[in-house]
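This report refers to the structure that appears directly beneath it.
No lab work stands behind these numbers, since they all come straight from the coordinates. In this text the structure is predicted, and so the values were computed from the model without any measurement. Every residue, glycine as well, gets a Cβ built from its backbone with ideal geometry; the counts of neighbours run over all protein chains shown.
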Amino acid sequence: MVTRRFVLVGGVSAAALAIAFSQSAGAQGRVTIDQFRAISARLTEKAISDLEPTMAGKLLDGIVSTGREPGLRLLLDNPQVTTGPLAEDIVAGWYSGIYYNQAGPQVGSFTGALVWNALDFTKPFGVCGGANGYWADAP
């Protein structure tokens, strides 16, 4: 037989467990930009100084807004993990300058994308490659 006492004790116990769980989950806190840059440096094999904090913030916000922060925790807590969908999305975001949030794809940085470092024979549109008329000289 279910008594009022049983229901009250059960409800209070469930509430206490829920509070304890949410506090322990929140104790880890959000992944910081510096932590995200460290993860990104490991995945892209670039120096942390090569990864702009502003772009890191945009990529991180996109990942959090799409509910993938637990995957970041996995990457943060397990340095040997360097592959998987989230790891690949992080590398793609840095190289393309495009990240995803709830609204869809967003441009985080065009000229700051790492692809321009990888393609040393070209530069972003609208960025001057040297002194006036540099292009007329033989390479």
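Using 0.36 nm per residue, how much length does the chain from Ala136 to Val81 gain when fully extended, once their Cα-Cα distance is taken away?
15.1 nm
Based on the mean of other beta carbon atoms within 10 Å per residue, what is the order of 37-49, 121-133, 79-91, most packed first?
37-49, 79-91, 121-133
With each label point set 7 Å from Cα along the Cα-Cβ vector, what nm distance links Thr54 and Thr66?
That separation, rounded to one decimal, is 2.3 nm.
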